[in-house]
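Chemist: Sharing a structure below in structure tokens format, with a few things to ask.
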Amino acid sequence: MSNTPAAPLRIGLIGAGFMGSKHAEFIAANPDAVLAGVADPFNDTVAQEYGVPAYADHHELLAQPGLDGVIIVNPNKLHVGTALDCLNAGIPALLEKPVGSDYAETLRLLAAVEASDVPILVGHHRRHHPSVAAARDLVQEGGLGKLVAVSGLWFARKEDSYFDEGWHRQKGAGVMLINLVHDLDLLRYLVGEVATIQATLGHEARGLEVEDTASVIIRFENGVLGSFIASDAAASPWGWDQATEDYNSFPFLPDNASYFLSGSAGALSVPNLAHYSYAAGQDANWHNPMSKVYVEQGTGDSYTRQMAHFVDVVRGKAAPIVSVADAAQTLALIEAAREAGETGGTVTVSDYVARAAAAVTDSAVTW
Ligand SMILES: NC(=O)c1ccc[n+]([C@@H]2O[C@H](COP(=O)([O-])OP(=O)(O)OC[C@H]3O[C@@H](n4cnc5c(N)ncnc54)[C@H](O)[C@@H]3O)[C@@H](O)[C@H]2O)c1
């Protein structure tokens, strides 16, 4: 067996806006990857900064010899088409979330992925955060007893200029698809699949076509109840982005939490991993004191770890932690929440998925 280290993977970037430039940094920080080129019809600044070829069309990038993988970071409505082009070119991809701009179109990608041996990892980066693996282990090992209820919030005030970008104001964006999608994905990962969802949507704070605030009530299939509220118009220190060092663009507030999980024997906040429990032999009731211990977690931030995982996926050493099927289920959940918000009703997620799939089958659309 050779001890020669494998050559760094040549990774292309499709889309070089805010998040594309971050991915260029994550590639540069990984010793097993180098940026091979950037495709963006409107922006060549990242290509110039890294001194790599710029392409106006991602097909040109995908045709470059020696390309090992790409990161797709273009607007949401282009995700499915671009990912299908990668599959056709035989190039593994890290596809930013949401996996598509609607669940129905995502079924096209799902069918293609299942018929292909080219892997696609979807960028629900928070699943890679070390606190998430530790929280999931604690819950699954019964460290909170029987899980009863979960809650959480993501309140942040985005800069007004963020909405100068047209697609950020239009259907296909909004706090649900851009931000809440991460929170609901993580709640699915930590708690389990969702049976039903209710929601209230708010447009009042920004007055845009897309919602700025959304509040959801969840019943999980395992009987756990949950709630979550997200707003991109609400100034606060509470939310994943303020509670982790994932983005250096946001001030970090240590010992902060955005998810609260409670079971019959204890409670846990995430991502600071404060675990509250009763002393051995003490009855678990509110008259007894709870002790607070911080659960140990690994090191690194979500994006660095996601990039390392993508390298393993491209090299065939790991299956994607977030598959297209998994991310599609999260997208269906967001759409079910939207339907619930617009109708004022309760939506059964499995019914929503069945209806969406039937509508695609019944339509004249051919893939
Ligand atoms: N995982 C995360 O933490 C995270 C954070 C922010 C954004 N995102 C996702 O990343 C994606 C991009 O978001 P953003 O905030 O960087 O948006 P952005 O508007 O800043 O950037 C989008 C870029 O795509 C380019 N583009 C447009 N058409 C293109 C095409 N046909 N081919 C290639 N590039 C094209 C635009 O010129 C622009 O540079 C979105 O899907 C968003 O949901 C993920």
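Chemist: Restricting to the chain, compute how many DSSP beta bridges are antiparallel as a %, nearest 5.
Modeler: Of all bridge pairs located within the chain, approximately 55 percent are antiparallel.
Chemist: A follow-up question, please. Residue 22: which lysines have alpha carbons under 17 Å from its alpha carbon, excluding same-chain residues fewer than 8 sequence positions away?
Modeler: Output for residue 22: 97.
Chemist: What number, in percent, do you get for the relative contact order of the chain if the mean sequence gap of Cα pairs under 8 Å and at least 6 apart is divided by its residue count?
Modeler: In percent, rounded to a whole number, it is 18.
Chemist: Given the C-alpha centroids of region 156-181 and region 1-77, what is the distance between them in whole angstrom?
Modeler: 25 Å
Chemist: Averaging over every viewing direction, what projected area does the convex hull of the Cα atoms of the chain cover, in nm²?
Modeler: Reported value for the Cα convex hull: 20.9 nm².
Chemist: With springs only between Cα atoms under 10 Å, which of 64, 198, 329 fluctuates most in a Gaussian network model of the chain?
Modeler: Its mean-square fluctuation being the largest, the pick is 64.
Chemist: Next question. In region 192-223, whose amide N lies under 12 Å from the spot 7 Å out along Cα-to-Cβ of residue 346? List them in ranges.
Modeler: Of the residues in region 192-223, 195-199, 217-220 have backbone N under 12 Å from the label point off residue 346.
Chemist: Here's another thing I want to ask about it. Using Cα springs under 10 Å in a Gaussian network model of the chain, which residue among 58, 287, 168 shows the largest mean-square fluctuation?
Modeler: Taking springs between Cα atoms under 10 Å, the residue moving most is 287.
Chemist: Give me the distance between the Cα centres of region 314-329 and region 136-150, rounded to whole Å.
Modeler: Rounded to whole Å, the Cα centres lie 25 Å apart.
Chemist: Report, in deg cm²/dmol and to the nearest 500, the calculated mean residue ellipticity at 222 nm for the chain, where each DSSP H run with n ≥ 4 adds -39500 (n - 2.57) and the sum is divided by the residue count.
Modeler: -10000 deg cm²/dmol
Chemist: For labels at residue 359 and residue 319 in the simple 7 Å Cα→Cβ model, what's the distance in nm?
Modeler: In this crude spin-label approximation the distance works out to 3.0 nm.
Chemist: A follow-up question, please. Compute the whole-percent fraction of alpha carbon pairs in region 127-299 spaced more than 20 Å apart.
Modeler: Within region 127-299, distances greater than 20 Å cover 55 percent of Cα pairs.
Any read-out appearing in this document is the output of simple, stated calculations on the displayed coordinates, not a laboratory observation. Note that the structure is a prediction, hence the values are computed from the model and not measured. With ideal geometry, Cβ positions are generated from the backbone for all residues, glycine too; neighbour counts draw on all protein chains shown.
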